[in-house]
Structures are given as structure tokens and as C-alpha cells.
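Asks: Before I ask anything, here is the structure I am working with.
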Amino acid sequence: MANTGVLPFVRGIDFTRNDFKDGRFPEAVRLMTGVQWLKLDRTNLSQIPEELGKLLKIEHLSLIRNDLERLYGELTELTCLRTLNIRHNRVKTSGIPAELFRLEELTTLDLSHNNMKEVPEGLERARSLLVLNLSHNHIESIPNALFMHLTDLLFLDLSNNNLETLPPQTRRLANLQTLVLNCNPLGHFQLRQLPSLMNLETLHMRDTQRTLSNIPGNLDSLTNLTDLDLSLNALPKVPEALYALTNLRRLNLNDNEITELSQAIDQWQHIETLKLCRNKLTALPASLCKLMSLRRLYVNDNLLDFEGIPSGIGKLCSLEIFSAAHNQLEMIPEGLCRCGSLKKLILTANRLITLPDAIHLLTDLEALDLRDNPELVMPPKPTEVQKGSGVEFYNIDFSLQHQLRLAGANVPAQAPSSSASKDPIARKLRLRRGRRDQEEADQDQAKILKGMKDIAKDKNKQKTLEEVKAESLKPKRWDETLEKPPLDYSEFFDEVAGQFPGITIWEIENFLPNQIEEVAHGKFYEGDCYIVLKTAIDETGSLTWEIYFWIGEKATLDKRACAAIHAVNLRNYLGAQCRTIREEQSDESDEFLALFDTDITYIEGGRTSSGFFTVEDMTYAKRLYRVHAAGTSSIHLEPVPVAVSSLDPRYVFVLDTGLKIFMWYGKKLMAEKINKNERKNKADIQTEMPGDESADFWRAFGDNDGLPPEEPIAEHVDPDFVPAVPRLYQVRLGMGYLELPQVEVPHGKLANTLLNNRSVYILDCYLDVFVWFGKKSTRLVRAAAVKLSQELFTMIGRPAYAMVTRVQEGTENQIFKSKFMGWDEVIAVDFTRTAESVQKTGADLTKWARQQETKADLAALFTPRQPAMSLTEAQQLSEEWNEDLEAMEAFVLEGKKFVRLPDEELGHFYSKDCYVFLCRYWVPVDVPDDAAGEQEQEQMEDDFQCVVYFWQGREAGNMGWLTFTFSLQKKFKSLFGEKLEVVRTHQQQENLKFMAHFKRKFVIHQGKRKEQPPAGTIPPVEFYHLRSNGGALCTRLIQIKPDAALLNSACWFVLPASVSVRNKPSNPSKPLHWLNGLKPSLSCWTGLLMTGRSGYILKVTFDQEESSGMVYVWIGSKAKPEEAKLAEDIAEEMFNNPWIGFQTLNEGEEPDNFFWVALGGRKPYDTDSDFMDYTRLFRCSNEKGYFTVSEKCSDFCQDDLADDDIMILDNGEQVFLWLGARCSEVEIKLAYKSAQAEKPRKLFLTLKNKESKRFTKCFHGWGIHKKPPE
């Protein structure tokens, strides 16, 4: 364990997402005796660690989303504990010790989202509680004693329980400010205690069975109530008591049965948000126009028409959002267009015919939604006014109004043209005030012109003619005419530099100034240079500055020069008139020495590094990395022990010994970057192939003779290996304390933009811990970060080969950069230059071409294939996604509209149809511990998200997408607003989350739904292929051409053979026996062939009568027993019929009259399916400006073959080069060379529409190429 002595000074640390299960909690936490806050969210804790008992000063503890069932342990000894957050665990009432509530300092307790059926015993003893959250449990009653003692409560959340009433003692909560009772069956609760809660500010009673009879008749005492939610109840009108709440700012009455509003709403003079959606309103009262504070008005899904909106609505000067979707509006009043603050106007799905011309005058309007108004005709836009006086006069506006406005006059707006408005009321108002406005404008103009004349006369009186001539002829000084370059000095100095009296000192490091702490003032290193700024205030109250730059006698040339340069930059940054003063060591001026209270001190040596490269013998740590794929365009280097046993023949390894970098079984990808950026191109990169390694390679592993190991290198790496998720900490330093919070990473992907050059960060990758120093970070923070990194490194168990690395901004090593997305140097190549254009310049093309180093990104070719998702992981993902799925509604396009898809057809798709799936997901919202009550409840409303998946078959046209865009999407958008997300997906390109909802039952048929064969004809043979690409989640059953050549002996085959229904006996209790004595007529014949990843179903119908039969499960000679069991389960579920039996057949035992006839006769078929373990598809393109090769995911399909590019298909034995119809010659040349870059194998050229079976068998459901729309 590191002994840095820094742990007692740590005030807070965030251990979120570390894995502390099975006793892995770090023992060093007990040494953090000064810690005040600690986050242990998502750490897989199943019990309270005993180390917490030593943290006697801890005040805030968070244990969100763990596996805690009991809270017995050390929590009862934390006497200073103020905040305890146990949200999202599995805590039961019996698992909470009563002693926990004897903590006198406990003010905030969050036990929401647990498994409590009653209030914990002893909770009434926690008399100091201010915030209590018991929501999302199964509590059925509240004991009377609870509210008798918790009288200081400010926030109480009891939502989403099974409460039917509240105790009478609720009236004792006189200090309560927020009360949340949402989603409780409180139909018989009369709320008699409510008037006693006089300090209440927020009251949420959504879905609590409120009626007019169970709401108190008098609420005058609730003078502080500002937020009220009564949505999802059965209120026929607004209760009269609500009109007395004069301080309301937010009122939610959505989803009720309100038919009208009283004129008394003008008493809500402070209301800002009013929600009345999904009611039965036919009109809004005229008194609504008196709500001058109203900013957001929602009246969607009512019965409002033009007469129902008051004409005086334009008086609402603060109105920003007006949403009236799904009403009966044929027109809107022109007054609505006079709301100058209006930003969003939602009028979706009405009966609009036109809009007022003034709609074009709403310049601040951000969103105007007019969808689903088929008869709407927009008014013409006003003609665009010429900019200024035109180009001829440099677009200067010489108009009188513009010049008056510049002069500061109150200029009235120009009167609109006679055709600009058709509103007769507005026209009368304009005529009445027209004369008055004209007179005021004339008076303003006259005053300004007179003032300008007076000023000109005064100036002329003060100057003589000679003075005017002298001023015009006097030349300007050189520094006045000198144009200053546009430099940004904020990159060097802080905004507060020189803005407060005192002394500020910077040291020069790596060519840049770095501010030092005040405790280091007066102490100068002999090998460094400094800039010293003195800021003072003169008699007039203005800031004055003195700037010195101090030169150490042993300082290097770059530090001396940069000190002088940045001293001038500091003067320019401050706009100071003083000069910069040079001070040398041992020869300082008296003015400089007077800046410090004590004598200055010289320290031998230099603290900062030079910006120049220094020639010295570098020491390199020997490291061995295993290369893994990280996403689609980057790789991950996993550190492993430098030992022969770490090698695995399935992976690429990088052995870094300093000036020699060995690539074992790989290409020079990362090694080239390490050599270029870190070794100054001095390292020797050697590629080692298995079985042909050099002696130096084995010497690097410790064998002095350079001999290979006696034992062969074995496969030992887990194929399901997943690299550890890196965690980014920011080091914070205060007066006597340290904090280590985690940086929030958007979308879980690290980006270098998260790093601030004024801060220091610790990146914990488990096997590598990096300390990143920003250029402008202070010395004390850097020193603290180094010690904290050592403690963090040792407190969590790590292998012996793990290490800590310090990284300076601007000189980051390649391993550190690889942890961040997109942090790479890319050199673009200009492919638009031609040989002719270059030759005209007189350049030697041959010599020039030899000197060019064209960039080409071929990394994807040399990264390992993405491992298939394990069945366990697939099941876990599927369960999580389906658990979050609250509801799913399916629609299919029939004709020109979407209709609901029958439940029995769910999971069946047709290649010529389009489908829409509306999925509603539950979204858990984490409310911050320190959030205010109002903000917390506002966030908890948004607890769901709606995703619309639009599925388009590969033979379907785009008309389905257009129909969806202008019909269903509008309706969904009006219902769900910002919570709606639309995902368009094509056949065989579905995402995993969508596929998971069908639980491996995803069937794609050829043709169109409900398409019937011509009368009197026999339905065609149907042949289906079942296959999983890259994991069980990507399982599809696709109809293909019936052909025996598509079979494979490494698979299984399920064959249902059927007989005509007229031969069926009356008693079907034993279908297997009576079928044995009959000759089948093949009225329905179906087969299923499987490999665990693939299979087939064959269906042959010879008549249109209903039939029954037998399902044969055909097992190939190389199929696995567990895979055969899966085939039987799928076949039994698909053909669940009392008239169908099952029988298992081994390969070679097929009956000729049942099996081969429908497949067109016996044909040779593949006996090996190993190619599915190796097949990869790459795309070659130069669309980025340079040639790149990128890999498609393992779940690729035929439609991934792009006509504009070249594709490389590698099945492990052969490499196919597929040429698109519109690819360029440059791409063909570079792709051909790229396909030959790896180990030599057979290369085949493949053209579109001429693909061989070896090529097409790698694609699931291969058919005719999709034709682009004409």
C-alpha cells in the first residue's frame, strides 16, 4: 500500500462503477478519516463495507443502484451522517436497523425504488429529517406516530405506493414545502389535513382518483403554493377552491374531463405554465388575456375552434409557447401573432385553412408546427426589402428611420402595407393612432436634427481655423498607426489576471507561462525564469500595473526568450501603458525587491522543463500489449505480463522494449504511431510471425539464448473478454482538502474535449493509471494528483505488471490517446489533383510521387474479428431491454394508410411491406441528491421515452416512409413531443434492441402480405433459412429460393410432411400411429435446418385445403446435441398443432419421396460451415479525402454492398474483391493492394450480378440485388 500520507486530507471521492463485489472493497478507505462525501453508486455491493465505520466525519453517502438487501453494519456509527441515498436497491423493511434513525445529524434520507412493504421501524425517531423519499415501494399505510415526530420535514415523496389514506397527524407537518402523492389509490381520502400545510409550495397528486367531492372546499391558507399537479384524474371542471390560489406558477390539469373554465382564472396573476391537454374544452375564457405572467399554455387534444380562442390573446406579452394541436381550429386570431415573445406555436392536426399575414412578423419564432392540416394555404411572405441602399452604395442603410434609430430616437415601427393585414379591428386601431404616431415621430426628428446642429455650432466656436488646419495636417505617431495583430492572449493568462490588487507570478514551462501558488512567491529557481505582475489602484480608482520578468543565471535560452515575449503579451492583454522591466539574478532593482515582504530566496536547479528536445539516455519500461478491437474504427491495447505464457495465437501482440518494437502476428499500425510520436522515429519496428520469430524477440522475454519456448503457445484468452471501462477523475484542491469526483462521460465514450488545460485528471484503466497534467494547472494540484494516483493505484487490487504513467498536455503517448475516441492524427490526401494540372507547373511528377507519403487507413483489416456475443450476454441484454419496454403497438401499411397489425402476425414481415412499431420505454431518472424539491419533481415526470421503429422491406418503395411521415409521425409527435424518437430501419439492418423484442422469432417472407395466388393455381414452394449472425439476438428466418444445394451437413433439418385433411380420422389422439399407414399427399411440407446460427424451413403446398402432417427434425452428421435440442424447440413452437407429430432423422436416412422432391432433386451441398466463424466484410472508400478500409458489423447483409465503393469479403480461406458499379479507378487500385496486404490467400474478383456460390453463401437470404428508385 502506498504511504503518501495524502488520504487523511481527502474530503470526497467518487467510486461509481467500480466492481466491489465479493470483498473487493478497498481497505485503504479506512484511512480517509477526513472524508465528508463518498459515492459508491453501481459498485455491486451486497452489504455495507465495514471500512465505512472508520469514516466518522462523513456527511454524505450515496449507495445508488447496488444489490443491498440489508443496511445492518457500520452505518449506525456514522454520527456526522447528514445525507443517505439508498435509491434503487433491494432493501426490505426488515433489513433496515432501527438504530439508523437515531443519528442526530441525518437530514436527507432516500429509500425510493426498493422492496419495502411498510414504513421502517423507528423512522419516527429521525426527528432532524428534512427530506424523506419513500416513493416506488409497496407501502400500504403510514403509521400515525411518523408525522407526530417528523415535524421539520420540508420534502416528502410517497408516490407510486399502495396508500389509500394518510394519517390525521399529517396536519402537523407545518414546515412541509413539497408533497408528492402521485399514483396512489387515494379515492376515499378527503385531504382534510391539506389546509393546515400553510408552507406548502409544491403539491403533486397525479393519478390519485381526485374528484370534486374529495378536494377541500377552501384552500385559502395555501398562500405559498406555486406548483400544483392534478393530472390523470376525473375532474369535470376546475375545483372552485383552486381559483383562490393566487400565487400559483405552474398548474397541470391534463387528462381530466374539464369542459369549461371559469372567468375567475384572472386571479392567477403569477401563473407561468398552464396545462389543459386532453380535456373537453370548447372555449377559453376572455379573462385568460389578463394573465400577464403566462409563458406556456398547452391546450392540446380539446374541442377548440376559432371562436374558442379569445381575440385579446395578443395581450399576453410574456407568452412563449402556445400549443393547440389536435383541435378544430380553422383559423387563429391575428392577436396571437402580436405576442412578441412567442417562440413555439404548435397547431398540428387541426382544420386550418390559412393563417394571418402577420405570422411572418414573428421574428423570434423558433418552432412552427403546422403538420396534418391538409387544406392549409400559407399567406404570401412580404417582399424582401433591399439591403441598405444596395451594393452600389456598399449596402449602407441611408433611410431616415435607420439613421434616427442610430441617433437614439424612439422610432415607431413602419406601418404595414394595406395588403399586409386583413383584420378589420387591427386596421381601425392603426387608423386611430396613425395621426398621433406621425406627430410624435415628427417631433422626435425635429429634436434630433436640432440637437445635431447645436453640437456642431459649439464645436465650431471652440476651434479656430488654424487649429482645424493644424489638426488635419498633424501626422500620427508610429505606434498609433501600427496595426496590432489579432492575438488571443486568453490562451496564456486567466481572465482575472491583473484585475485585483496584489502580486501574481508566472513561471515559464514548455514555452508557456504557468501561474504559481502564492506560498511560492519570493522563491526562485536558478534554472527558471519568471514573470511578476504588481497590480495597484491609483487615486482615481483605476488599476495600474508594473510588469517584471526575472531571469535565472542558469536558465536556458528558450526560457529567457519566452519570459521577455510573454511579459510583452501580458502588457498587451491588460492594455497597460507601462514598460516591461528585466531583472537578473543577484542584480535585482530595489523596486523589484520591495514587492516581497521578505528577502527573496534562490533555489539550486530548475523546477520546470525546457521546451527544447534534450539529448539524453531515455529509460523505457518494457510492456507487452494484446490488441483488441474497440468499436468499428479503433483498437484497444490490453497490457499483459511480459511472459511467453501471455501469447495467444488468435491475437496480435505489441512488445515495446524501447528502441525496438516487436509486432507478433500483426502489422505496423500502433507501432508506427508510437515510433513517430514518442521515439522520434529512432525505434526499429520488427514484425514477427508465429513459428519464425527472431532471437531478439525471445531475448526480450528473458531467454538469454534467444530460443523459443519448448511448449507450444496455447490459446488461453477468454473469447468473451471485455476490456475494463476507464474512469476519468478530476483532481480538486482546496484549503486543506482534496476531492476526487468522476467526470461525467457523455454516451459512455471518452473524448479529449473533456480535458481542461487548467486541471489535472486521473484516468483509471485498471491495468494502466494515467495522470494527465494540463498546461495551466498549478504546482500544488499536480503534486496532490501524483500522490492520489499512487493511493488509487494501490487501494484497488491490480496485477504486478500494472503501472502509473504521468502524461503532460501536448506530449501524450499513444497508449493514452487510444483510450479516447477520435484522438488521432489524420493526414488528408487530395484526390482531386490530376497529373495534367501538376505537370503544367513544371514539376517532376516522378520525383514528386516518390517523395509523397500518402495516408491510408487500413487498420480495420488487421484488427481481430469482433467476437460473437455469448448466449448468456444476449439473454441478459434481451431481458433488460424487454423489461424496460412497457408497451408496443404494431402497424402495417395497407393501401395508403397504416392499420393495426394483428397479434398473431407479430414477428412476421414481408419484403414488399412497411411496418411501424410504437414502443414505450420506462426511463429511470436519477434525481441529484442536492436537487431542490421542485426541480426533482419536474424531472420525475419525464419517466418514459417513446421510440417509433419504421421497418421497410427491401422490395418496398419509399411511399410507405412518406405516408408515415405525414400521418402517423405527426400524431405521435403531438402526443409525446420531445420524448419521441423515430428510427428508420431497413430489412436485415435492424438494431439489436429492436430485434430483442421478438425473442428470436423474426420471420421475413417474400412478397406482400395477404397476397393470394391466382385462382386454381397451386401455391409455390416456400423455403426458409434460419441463421444468427454475430449472436443470438441477430436470429432471423428468411424465405429464400428452394434449392437442395443450399443445405449443409453441419446443420439440422426439420421436415413436417403432411396429408390431405380428408384422410384425417375422427379421433386425433394418436396422430403418429394413423399417419404411419397412409401415403402422404404433400399438401403441406415444411423443413427446418439449423447450426445454432443457421437453419432452414421448407414448405410445399399442393392444394388449398387445410392439412396436417409430421415434422421431421433432420440432424446433420456434424451438428452438436445442444444445437439439435434448440432446433426441436423452435420447430415445435412454430408448428404447434395437435395434428402434427415430430420425428428425428439423422443425415442419410431421408425418405426420397418426402425430402428431395420438393427441393428439385438431390444435389451436392456443403458439409462444413466453419466459414461463418471467419467471414468479414470490409468497405473501401476515399470519401474522407484519403483511402480508408472500414469493417461492417458481423450482422451484415446483401444490401451492405455499396455501388459507389469496393467491398472486400474474407471468409477465412478466400478473399473476394467485389466491385461496385460506380467505384473509381483509384479505389480499385488501392483496394486490390489492400486485399493483398495480409497473409497470402486466393484472391477472387467478383462483379455485381455475377457472384458465385462461394460468395453468396456468406450472406443470409441472398437474392436479386435491390434496384434503386427511378
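The values are calculated or read from the model by the stated rules, or taken from the named source; none is laboratory data. No experiment lies behind these values; they were computed from the predicted model shown. Don't worry about glycine lacking a Cβ; one is built from the backbone with ideal geometry, like all the others, and counts go over all protein chains shown. Note: accessible area is taken over every heavy atom of the protein model, side chains too, but ligands, DNA and RNA are not part of it. Shrake-Rupley method; radii C 1.70, N 1.55, O 1.52, S 1.80 Å.
Asks: What pairs come out if I take residues in the stretch 80-98 that are on the phi < 0 side of the Ramachandran plot and modelled with pLDDT under 95 and pair them with residues that are part of a helix (DSSP H, G or I) and surrounded by fewer than 19 Cβ atoms within 10 Å (Cβ to Cβ) whose C-beta lies under 7 Å away, six or more apart or interchain?
Replies: Cβ pairs passing all conditions: PRO97/THR76.
Asks: Is there a residue being within 21 Å of THR226 (Cα to Cα) and aromatic (Phe, Trp, Tyr) anywhere in the stretch 281-298?
Replies: yes
Asks: For the stretch 199-221, give me the residue count where each residue is modelled with pLDDT under 90 and of a type in the set (A, V, I, L, M).
Replies: Of the residues in the stretch 199-221, 3 are modelled with pLDDT under 90 and of a type in the set (A, V, I, L, M).
Asks: If GLU883 satisfies all but one of (1) surrounded by 12 or more Cβ atoms within 10 Å (Cβ to Cβ); (2) modelled with pLDDT of 80 or more; (3) outside any loop (DSSP other than H, G, I, E, B), what's the number of the condition it fails?
Replies: In the conditions (1) surrounded by 12 or more Cβ atoms within 10 Å (Cβ to Cβ); (2) modelled with pLDDT of 80 or more; (3) outside any loop (DSSP other than H, G, I, E, B), GLU883 misses (1) alone.
Condition check ((1) of a type in the set (Val, Ile, Thr); (2) surrounded by fewer than 19 Cβ atoms within 10 Å (Cβ to Cβ)) across all residues:
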| residue | (1), (2) |
| --- | --- |
| LEU248 | no, no |
| LEU253 | no, no |
| ARG278 | no, no |
| SER287 | no, yes |
| VAL299 | yes, no |
| LEU303 | no, yes |
| ILE313 | yes, no |
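Asks: Then there's this: Which one of these does THR170 not meet: (1) within 27 Å of THR282 (Cβ to Cβ); (2) in a helix (DSSP H, G or I); (3) open to solvent by less than 10 Å² (accessible area, probe 1.4 Å); (4) not aliphatic (A, V, I, L, M)?
Replies: (1)
Asks: Restricting attention to the stretch 1208-1248, report how many residues are open to solvent by less than 60 Å² (accessible area, probe 1.4 Å), polar (S, T, N, Q) and not in a helix (DSSP H, G or I).
Replies: The number of residues fulfilling the criteria is 4.
Asks: A follow-up question, please. I'd like the full set of residues that are among the small types (Gly, Ala, Ser) and open to solvent by less than 60 Å² (accessible area, probe 1.4 Å), limited to the stretch 32-67.
Replies: Restricting attention to the stretch 32-67, the residues satisfying the condition of being among the small types (Gly, Ala, Ser) are 34, 46, 53, 62.
GLY34, GLY53, SER62 - these are the residues of the stretch 32-67 that are among the small types (Gly, Ala, Ser) and open to solvent by less than 60 Å² (accessible area, probe 1.4 Å).
Asks: Within the stretch 658-669, count every residue that is open to solvent by less than 30 Å² (accessible area, probe 1.4 Å) and either within 18 Å of ASP768 (Cβ to Cβ) or modelled with pLDDT of 65 or more (or both).
Replies: 5
For (1) open to solvent by 40 Å² or more (accessible area, probe 1.4 Å); (2) more than 33 Å from the chain's Cα centre (by Cα); (3) at pLDDT below 80; (4) closer than 30 Å to LEU792 by Cα, each residue gets a yes or a no:
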{"residue": "ASP656", "(1), (2), (3), (4)": "no, yes, no, yes"}
{"residue": "ALA671", "(1), (2), (3), (4)": "no, no, yes, yes"}
{"residue": "LYS676", "(1), (2), (3), (4)": "yes, yes, yes, no"}
{"residue": "PRO690", "(1), (2), (3), (4)": "yes, yes, yes, no"}
{"residue": "ALA700", "(1), (2), (3), (4)": "no, yes, no, no"}
{"residue": "ASP703", "(1), (2), (3), (4)": "yes, yes, no, no"}
{"residue": "MET735", "(1), (2), (3), (4)": "yes, yes, yes, yes"}
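Asks: Could you please tell me which pairs satisfy a Cβ distance under 7 Å, a separation of 6+ or placement on different chains, a first residue in the stretch 545-568 that is assigned to a helix (DSSP H, G or I), and a second residue that is open to solvent by less than 60 Å² (accessible area, probe 1.4 Å) and of a type in the set (Asp, Glu)?
Replies: Once the first residue is assigned to a helix (DSSP H, G or I) and sits in the stretch 545-568, its partners that are open to solvent by less than 60 Å² (accessible area, probe 1.4 Å) and of a type in the set (Asp, Glu) give LYS559/ASP528.
Asks: What strands (runs of 3 or more DSSP E) completely inside the stretch 733-777 contain at least 2 residues that are within 24 Å of SER62 (Cα to Cα)?
Replies: In the stretch 733-777, 737-740, 760-764 are the strands (runs of 3 or more DSSP E) which contain 2 or more residues that are within 24 Å of SER62 (Cα to Cα).
Asks: Which ones in the stretch 895-907 are at pLDDT below 90 and assigned to a strand (DSSP E or B)?
Replies: The one that is at pLDDT below 90 and assigned to a strand (DSSP E or B): LYS897.
Asks: Give the residues of the stretch 132-165 that are open to solvent by 10 Å² or more (accessible area, probe 1.4 Å), of a type in the set (A, V, I, L, M) and without any contact (Cβ under 8 Å) to a residue 60 or more places away in the chain, sorted by residue number.
Replies: ILE142, ALA145, MET148
Asks: Please go through the stretch 523-540 and give me each residue that is assigned to a loop (DSSP other than H, G, I, E, B) and farther than 12 Å from GLN585 by Cα, ordered by number.
Replies: ASP538, GLU539, THR540 - these are the residues of the stretch 523-540 that are assigned to a loop (DSSP other than H, G, I, E, B) and farther than 12 Å from GLN585 by Cα.
Asks: In addition: Would it be correct to say that GLU27 is under 24 Å from PRO799 (Cβ atoms), of a type outside the set (Lys, Arg) and over 34 Å from the mean Cα position of the chain (by Cα)?
Replies: Judged against the criteria, GLU27 is a match.
Asks: Among (1) modelled with pLDDT of 90 or more; (2) open to solvent by less than 50 Å² (accessible area, probe 1.4 Å), which single condition is LEU7 missing?
Replies: (1)
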